[in-house]
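Where a number appears in this text, it was derived from the coordinates with a stated rule and is not lab data. The model shown is predicted, which means the values in this text are computed figures rather than measured ones. So basically every Cβ, Gly included, is an ideal-geometry build from the backbone, and we count neighbours across all protein chains shown.
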Amino acid sequence: MAEKRKISVRKILQVLLTFVVTTCCIIAMVSAAKIEDNKTLTSVAVHIRNEKKYHFVEQKEIMDLAINNRHIDIVHTPISRLDIHSMEQTILANPWISGAQVYIDNDRVLHMYITQRIPVARLFQQNGQSYYLDTTLSIMPLSENYKYYTSVVTNVPVLRNDSMGWALRKQIVSLVRYIQADSFWNAQISQIIVDSDATFELMPVLGDQRILFGEVSGMKDKFGNLFVFYKNVLNRIGWDKYETLDVRFKDQVIALPSLPYKPPVDKAIENMNWITSIIETEAANDAKDSVHKAEAKTNHSAADKKKGSAKQVHKPAIQAKPSKKPGAKAAAKNVKNKTTVKKHVTQPNNKDKQKNNKAKNKKEGSPKYVYPGKNDN
């Protein structure tokens, strides 16, 4: 027969002792928890990330959402009756809040950590409505207390919660973020326009051109080609020469309207033409001056003739009969000689006029200004 096993009293006592101690610990913990749950909160702390930079949400608004609007009396409400999960869901219902974490620490302080949404662009729909769009493609309404200035996108169709709506949101965010990441384009592009075929146009700050950008695919190369066009073409011919710049095609920038082609000009010939034009202008001016001087002289001589004839009419003594006094005949001869001298002075011969005009033409034929040119060393 098999031998009977002896029951160890020592093991039984150890099991009983372990059971009693465990039960006591559980009872103590439960009782302590009940005591703590019956206590009330000492304070509430609201922590908003990026509160100094963005002001879409304020601490008072969070307190209203989590506590005041739900009619919770913090002073008299036990901790066990506070629904932490419900508080988080109520806070997350705010469209300007992307994350919320609520908990109570050992000091019975209610902590609420809030994460604000940061808008990427402000959208203006075709129906006139306006709102913000953030990096998570979420739509936020305008804030009554705070205005945030960011990139502007206009002519946006109604964005629905379908595949086309989400695709257009993604394209807008990717294009805006690329522009904002580049310091030059962030300062140059003032507005993004959405076309009817879900492509994009850009409105620059410097210049009045319409930039046909097309789709966002390959936008790095498109912006690179446009920057080279700005640097090598518009900087030289001017920013107002073109009305439209098209970068939709690969490795191309099409500028409209097209300007007439001007072949390169030889500098030496250009300088000679410039000198010739100056000489011709000066010669024409001198010819006009000589014509005016000749007209003035002829008018002056005609006036002198009239004066001479008037003097002869008013002096009948010259044509009078000689008196019987001695020397009267000699006096009459002298008067006649004086009148002939006056006529000779006022009416110069044609030969003398021709000689004077030839001398003047020789002097006036030489140019006054001669362009020295540039030293081509």
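Overview of results
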read-out	value
12 Å beta-carbon shell around Gly214, net charge (K/R +1, D/E -1)	-3
Tensor-based shape of the range 168-257 (alpha-carbon gyration tensor, a/c under 1.5 rounded, otherwise prolate or oblate)	prolate
Long-range HN-HN contacts of Gly99 with modeled amide H, under 5 Å	Thr115
Additional length obtainable on full extension of the chain from Gln252 to Ala93, 0.36 nm per residue less Cα span	52.5 nm
Packing-based order for 249-256, 220-227, using average beta carbon neighbours within 10 Å, highest first	220-227, 249-256
HN-Hα J in Hz across the range 66-79 - Karplus 6.51, -1.76, 1.60, θ = phi - 60°, x for Gly and Pro	7, 10, 5, 5, 9, 6, 9, 8, 5, 5, 10, 8, x, 5
